[in-house]
Amino acid sequence: MGWIVNLWTISLLTFSNSFIWTYDEEFISIKLGEKINLSCTNRTWSTMLFDTWELKHTDEMKCRIANSNSDPAVNTCNDGRILINTTEGRSQLHIPSFKYTYEGIYTCQTAFQHGSHKILFNVSAIVQPEISGRIEYSPNDNHDVAVCEASNGRPNASISWSSDGNVTDKITYNQNRTFTVESRLIIPYNTSMGNVTCIVSHPYWNESQTYTIPLIHTARHSMYWVVIPSCLFCVLLIIFVTSFACIKKYLADLRNCCKSTIPVATAPTKTQQDVEEVEPYASYVERVNSIYNQSAERCNV
(Lines give C-alpha, C1' and ligand atoms only; values in the text may rest on other atoms or scores of the structure.)
Protein backbone atom coordinates (compact mmCIF):
# COMPACT_ATOMS: atom_id res chain seq x y z
CA MET A 1 0.00 0.00 0.00
CA GLY A 2 2.87 2.39 0.83
CA TRP A 3 4.48 1.81 -2.59
CA ILE A 4 1.16 2.50 -4.36
CA VAL A 5 0.66 5.70 -2.41
CA ASN A 6 4.14 6.84 -3.35
CA LEU A 7 3.52 6.25 -7.04
CA TRP A 8 0.23 8.05 -6.88
CA THR A 9 1.81 10.98 -5.10
CA ILE A 10 4.62 11.18 -7.65
CA SER A 11 2.19 11.11 -10.56
CA LEU A 12 -0.08 13.72 -9.02
CA LEU A 13 2.69 16.15 -8.26
CA THR A 14 4.28 15.63 -11.65
CA PHE A 15 1.17 16.71 -13.43
CA SER A 16 1.10 19.85 -11.33
CA ASN A 17 4.60 20.68 -12.68
CA SER A 18 5.85 21.27 -9.15
CA PHE A 19 7.17 17.85 -8.14
CA ILE A 20 10.91 17.36 -7.50
CA TRP A 21 12.35 13.82 -7.47
CA THR A 22 16.00 13.20 -6.61
CA TYR A 23 18.11 10.06 -6.28
CA ASP A 24 21.61 9.57 -4.83
CA GLU A 25 23.97 6.68 -4.08
CA GLU A 26 26.61 6.80 -1.38
CA PHE A 27 29.31 4.44 -0.12
CA ILE A 28 29.89 4.58 3.62
CA SER A 29 32.52 2.78 5.69
CA ILE A 30 31.82 2.65 9.41
CA LYS A 31 34.27 1.62 12.13
CA LEU A 32 33.28 -1.37 14.21
CA GLY A 33 31.60 -0.28 17.42
CA GLU A 34 31.18 3.28 16.18
CA LYS A 35 27.96 5.23 16.71
CA ILE A 36 26.58 6.90 13.61
CA ASN A 37 23.49 8.74 12.34
CA LEU A 38 22.45 8.57 8.68
CA SER A 39 20.24 11.20 7.11
CA CYS A 40 18.09 10.82 4.04
CA THR A 41 17.24 14.52 3.73
CA ASN A 42 17.87 17.84 5.39
CA ARG A 43 14.17 18.66 5.40
CA THR A 44 12.23 18.74 8.66
CA TRP A 45 8.94 17.13 9.60
CA SER A 46 7.22 20.40 9.01
CA THR A 47 7.35 19.60 5.29
CA MET A 48 7.91 15.79 5.32
CA LEU A 49 5.20 13.18 4.83
CA PHE A 50 7.18 10.01 5.72
CA ASP A 51 10.71 8.62 6.14
CA THR A 52 11.25 4.96 5.25
CA TRP A 53 14.41 2.80 5.50
CA GLU A 54 14.70 -0.62 3.88
CA LEU A 55 17.79 -2.44 5.24
CA LYS A 56 19.12 -5.42 3.30
CA HIS A 57 22.11 -7.07 4.89
CA THR A 58 24.85 -9.05 3.18
CA ASP A 59 23.44 -12.27 4.67
CA GLU A 60 20.15 -11.53 2.83
CA MET A 61 18.34 -10.60 6.04
CA LYS A 62 15.94 -7.68 5.64
CA CYS A 63 14.18 -5.29 7.99
CA ARG A 64 12.30 -2.02 7.75
CA ILE A 65 12.15 1.15 9.83
CA ALA A 66 9.66 3.91 9.00
CA ASN A 67 8.04 7.01 10.46
CA SER A 68 5.07 8.89 9.07
CA ASN A 69 2.94 11.89 9.85
CA SER A 70 -0.21 9.82 9.57
CA ASP A 71 0.68 6.16 10.27
CA PRO A 72 2.23 4.48 13.36
CA ALA A 73 6.00 3.97 13.42
CA VAL A 74 7.36 0.66 12.10
CA ASN A 75 10.55 -1.13 13.19
CA THR A 76 11.08 -4.77 12.26
CA CYS A 77 14.84 -4.68 12.93
CA ASN A 78 14.58 -4.74 16.74
CA ASP A 79 18.35 -4.54 17.20
CA GLY A 80 18.88 -1.01 18.51
CA ARG A 81 18.71 0.77 15.17
CA ILE A 82 15.92 3.34 15.28
CA LEU A 83 14.74 6.57 13.69
CA ILE A 84 15.34 9.65 15.80
CA ASN A 85 14.57 13.34 15.37
CA THR A 86 17.14 16.07 15.80
CA THR A 87 16.42 19.22 17.72
CA GLU A 88 15.73 20.89 14.38
CA GLY A 89 13.10 18.27 13.51
CA ARG A 90 15.09 16.26 10.92
CA SER A 91 14.76 12.47 10.75
CA GLN A 92 17.89 10.28 11.10
CA LEU A 93 18.65 6.58 11.25
CA HIS A 94 20.56 6.00 14.50
CA ILE A 95 23.02 3.08 14.80
CA PRO A 96 24.33 2.89 18.40
CA SER A 97 27.17 0.42 17.73
CA PHE A 98 28.05 -0.78 14.26
CA LYS A 99 28.56 -4.52 13.72
CA TYR A 100 29.63 -6.78 10.86
CA THR A 101 26.04 -8.02 10.58
CA TYR A 102 24.88 -4.49 9.76
CA GLU A 103 26.73 -4.42 6.46
CA GLY A 104 24.57 -4.19 3.36
CA ILE A 105 22.38 -1.91 1.27
CA TYR A 106 20.37 0.75 3.11
CA THR A 107 17.67 2.33 0.96
CA CYS A 108 15.93 5.38 2.36
CA GLN A 109 13.07 7.31 0.84
CA THR A 110 11.40 10.46 2.04
CA ALA A 111 8.35 12.21 0.68
CA PHE A 112 7.60 15.83 1.34
CA GLN A 113 5.39 18.48 -0.04
CA HIS A 114 6.12 18.88 -3.75
CA GLY A 115 8.89 16.31 -3.85
CA SER A 116 10.55 13.02 -2.95
CA HIS A 117 14.13 11.98 -2.30
CA LYS A 118 15.78 8.56 -2.38
CA ILE A 119 19.31 7.51 -1.35
CA LEU A 120 21.01 4.14 -1.67
CA PHE A 121 23.67 3.66 1.01
CA ASN A 122 26.31 0.93 0.50
CA VAL A 123 27.31 0.37 4.10
CA SER A 124 30.41 -1.64 5.05
CA ALA A 125 32.57 -2.07 8.11
CA ILE A 126 36.05 -0.59 8.31
CA VAL A 127 38.75 -2.16 10.49
CA GLN A 128 42.19 -0.72 11.20
CA PRO A 129 44.99 -2.99 9.95
CA GLU A 130 48.01 -3.97 12.03
CA ILE A 131 51.35 -3.11 10.43
CA SER A 132 54.46 -5.26 10.85
CA GLY A 133 57.70 -5.82 8.98
CA ARG A 134 60.68 -8.13 8.85
CA ILE A 135 63.73 -9.11 6.82
CA GLU A 136 64.01 -12.53 5.24
CA TYR A 137 66.97 -14.09 3.45
CA SER A 138 66.59 -16.26 0.37
CA PRO A 139 69.61 -18.60 0.26
CA ASN A 140 68.64 -19.98 -3.15
CA ASP A 141 68.69 -16.57 -4.83
CA ASN A 142 71.28 -14.99 -2.52
CA HIS A 143 69.32 -11.87 -1.70
CA ASP A 144 67.37 -10.25 1.12
CA VAL A 145 63.62 -9.75 1.08
CA ALA A 146 61.93 -6.92 2.97
CA VAL A 147 58.43 -7.96 4.01
CA CYS A 148 55.75 -5.42 5.01
CA GLU A 149 52.42 -6.74 6.24
CA ALA A 150 49.10 -5.02 6.94
CA SER A 151 47.01 -7.68 8.67
CA ASN A 152 43.39 -7.96 9.79
CA GLY A 153 42.19 -4.82 8.01
CA ARG A 154 38.98 -4.07 6.20
CA PRO A 155 38.96 -3.21 3.41
CA ASN A 156 42.40 -4.39 2.33
CA ALA A 157 45.21 -1.88 2.72
CA SER A 158 47.52 -0.58 -0.01
CA ILE A 159 51.30 -0.91 0.48
CA SER A 160 54.08 0.92 -1.36
CA TRP A 161 57.83 1.27 -0.74
CA SER A 162 60.17 4.22 -0.43
CA SER A 163 62.81 2.27 -2.37
CA ASP A 164 62.64 0.96 -5.91
CA GLY A 165 62.82 -2.75 -6.50
CA ASN A 166 61.01 -5.89 -7.53
CA VAL A 167 57.77 -5.93 -5.50
CA THR A 168 55.14 -8.66 -5.20
CA ASP A 169 51.87 -8.33 -3.27
CA LYS A 170 49.61 -10.99 -1.81
CA ILE A 171 46.09 -10.45 -0.42
CA THR A 172 44.54 -13.03 1.92
CA TYR A 173 40.93 -13.08 3.07
CA ASN A 174 40.71 -14.06 6.75
CA GLN A 175 37.98 -15.98 8.51
CA ASN A 176 37.08 -12.92 10.61
CA ARG A 177 36.03 -11.05 7.42
CA THR A 178 39.22 -9.02 7.30
CA PHE A 179 42.09 -8.93 4.81
CA THR A 180 45.84 -9.34 5.18
CA VAL A 181 48.12 -7.74 2.61
CA GLU A 182 51.75 -8.84 2.33
CA SER A 183 54.18 -6.88 0.17
CA ARG A 184 57.68 -8.27 -0.54
CA LEU A 185 60.53 -6.10 -1.79
CA ILE A 186 63.50 -8.03 -3.24
CA ILE A 187 66.87 -6.47 -2.44
CA PRO A 188 69.93 -7.83 -4.31
CA TYR A 189 72.90 -8.92 -2.23
CA ASN A 190 75.31 -6.38 -3.74
CA THR A 191 72.98 -3.46 -2.98
CA SER A 192 74.22 -1.15 -0.25
CA MET A 193 71.17 0.10 1.64
CA GLY A 194 70.28 1.19 5.12
CA ASN A 195 66.76 0.95 6.45
CA VAL A 196 63.80 0.34 4.16
CA THR A 197 60.40 1.93 4.69
CA CYS A 198 56.98 0.78 3.57
CA ILE A 199 54.01 3.11 3.24
CA VAL A 200 50.56 1.77 4.18
CA SER A 201 47.36 3.50 3.08
CA HIS A 202 43.92 2.64 4.46
CA PRO A 203 40.55 4.42 4.73
CA TYR A 204 40.72 4.07 8.51
CA TRP A 205 43.44 6.75 8.61
CA ASN A 206 43.34 10.25 7.29
CA GLU A 207 47.02 9.96 6.35
CA SER A 208 49.22 7.09 5.21
CA GLN A 209 51.26 5.29 7.84
CA THR A 210 54.97 4.50 7.46
CA TYR A 211 56.84 1.54 8.90
CA THR A 212 60.64 1.32 8.93
CA ILE A 213 62.36 -2.06 8.76
CA PRO A 214 65.91 -1.76 10.16
CA LEU A 215 69.11 -3.73 9.55
CA ILE A 216 68.73 -4.87 6.00
CA HIS A 217 71.14 -7.82 6.39
CA THR A 218 70.01 -8.95 9.81
CA ALA A 219 68.61 -12.20 8.54
CA ARG A 220 71.81 -13.34 6.85
CA HIS A 221 74.02 -12.26 9.74
CA SER A 222 71.84 -14.00 12.24
CA MET A 223 72.15 -17.18 10.19
CA TYR A 224 75.92 -16.85 10.17
CA TRP A 225 76.00 -16.37 13.93
CA VAL A 226 74.19 -19.67 14.25
CA VAL A 227 76.19 -21.65 11.69
CA ILE A 228 79.68 -20.47 12.64
CA PRO A 229 79.48 -21.30 16.38
CA SER A 230 77.91 -24.65 15.52
CA CYS A 231 80.77 -25.54 13.18
CA LEU A 232 83.35 -24.35 15.72
CA PHE A 233 81.75 -26.46 18.42
CA CYS A 234 81.83 -29.54 16.19
CA VAL A 235 85.52 -29.02 15.40
CA LEU A 236 86.42 -28.62 19.07
CA LEU A 237 84.39 -31.69 19.94
CA ILE A 238 86.22 -33.77 17.33
CA ILE A 239 89.60 -32.52 18.61
CA PHE A 240 88.66 -33.33 22.19
CA VAL A 241 87.44 -36.86 21.39
CA THR A 242 90.49 -37.60 19.24
CA SER A 243 92.88 -36.29 21.91
CA PHE A 244 91.15 -38.30 24.61
CA ALA A 245 91.41 -41.49 22.55
CA CYS A 246 95.09 -40.90 21.81
CA ILE A 247 95.93 -40.18 25.46
CA LYS A 248 94.03 -43.27 26.58
CA LYS A 249 95.89 -45.45 24.09
CA TYR A 250 99.25 -43.92 25.10
CA LEU A 251 98.62 -44.62 28.78
CA ALA A 252 97.63 -48.21 28.00
CA ASP A 253 100.83 -48.77 25.99
CA LEU A 254 102.91 -47.17 28.73
CA ARG A 255 101.35 -49.41 31.36
CA ASN A 256 102.12 -52.55 29.34
CA CYS A 257 105.66 -51.40 28.77
CA CYS A 258 106.29 -50.88 32.49
CA LYS A 259 104.95 -54.33 33.34
CA SER A 260 107.36 -56.00 30.92
CA THR A 261 110.48 -54.38 32.51
CA ILE A 262 109.76 -55.31 36.18
CA PRO A 263 111.36 -58.71 37.19
CA VAL A 264 108.99 -61.36 38.46
CA ALA A 265 109.71 -62.61 42.04
CA THR A 266 110.20 -66.40 42.24
CA ALA A 267 110.26 -68.69 45.26
CA PRO A 268 113.83 -69.60 46.39
CA THR A 269 115.00 -73.17 45.66
CA LYS A 270 116.86 -75.27 48.15
CA THR A 271 120.52 -75.78 47.26
CA GLN A 272 122.74 -78.73 48.24
CA GLN A 273 124.48 -76.54 50.76
CA ASP A 274 121.20 -75.72 52.52
CA VAL A 275 120.36 -79.40 52.73
CA GLU A 276 123.76 -80.22 54.26
CA GLU A 277 123.37 -77.42 56.80
CA VAL A 278 119.98 -78.69 57.89
CA GLU A 279 120.94 -82.40 58.23
CA PRO A 280 123.06 -82.09 61.49
CA TYR A 281 120.19 -80.30 63.18
CA ALA A 282 117.79 -83.02 62.12
CA SER A 283 120.11 -85.71 63.51
CA TYR A 284 120.36 -83.87 66.78
CA VAL A 285 116.58 -83.61 67.11
CA GLU A 286 116.25 -87.29 66.35
CA ARG A 287 118.70 -88.26 69.13
CA VAL A 288 116.99 -85.99 71.66
CA ASN A 289 113.64 -87.56 70.91
CA SER A 290 115.10 -91.05 71.34
CA ILE A 291 116.49 -90.22 74.79
CA TYR A 292 113.18 -88.64 75.81
CA ASN A 293 111.27 -91.75 74.81
CA GLN A 294 113.60 -94.04 76.81
CA SER A 295 113.23 -91.94 79.94
CA ALA A 296 109.48 -92.04 79.67
CA GLU A 297 109.47 -95.83 79.48
CA ARG A 298 111.55 -96.13 82.66
CA CYS A 299 109.29 -93.85 84.55
CA ASN A 300 106.33 -95.90 83.61
CA VAL A 301 107.95 -99.07 84.92
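The values are calculated or read from the model by the stated rules, or taken from the named source; none is laboratory data. Quick caveat: nothing in here was measured; it's all calculated off a predicted structure. Note: ideal-geometry Cβ built from the backbone for every residue, glycine included; neighbour counts use all protein chains shown. Remember, those area values only see protein heavy atoms, side chains included, never the ligands or the DNA or RNA. Shrake-Rupley method; radii C 1.70, N 1.55, O 1.52, S 1.80 Å.
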Excluding Trp53 itself, what net charge comes from residues whose Cβ is under 12 Å from its Cβ, given Lys and Arg +1 and Asp and Glu -1?
+3
In this structure, the FRET efficiency calculated for Val74 and Asp24 from their beta-carbon separation, with R0 = 22 Å, to the nearest 0.05, is 0.40
Considering the zone a paramagnetic label at Glu60 would reach in this model (a point 7 Å from Cα along the Cα-to-Cβ line), which residues of the range 94-111 have amide N under 19 Å from it?
101-106
Using heavy-atom solvent-accessible surface (probe 1.4 Å) with all chains present, what is the largest-first order of Glu88, Glu54?
Glu88, Glu54
How much length, in nm to one decimal, is gained on full extension between Glu130 and Asn256, taken as 0.36 nm per residue of separation minus their Cα-Cα distance?
37.9 nm
Sort Phe98, Phe50 by heavy-atom solvent-accessible area, probe 1.4 angstrom, most to least.
Phe50, Phe98
Rounded to the nearest 10 Å², the accessible area of Tyr189 at probe 1.4 Å:
120
Which pairs break 21 Å Cα to Cα here: Lys99/Lys170; Lys56/Lys118; Lys35/Lys118?
Lys99/Lys170; Lys35/Lys118
Tell me the net charge near Asn75. Cut-off is 15 Å between Cβ atoms, Asn75 excluded, with +1 for each Lys or Arg and -1 for each Asp or Glu.
-1
Using Cα-only point scatterers and the Debye equation, what is log10 of I(q)/I(0) for the range 49-191 at each q in 0.14, 0.15, 0.20 Å⁻¹, rounded to two decimals?
-0.77, -0.82, -1.15
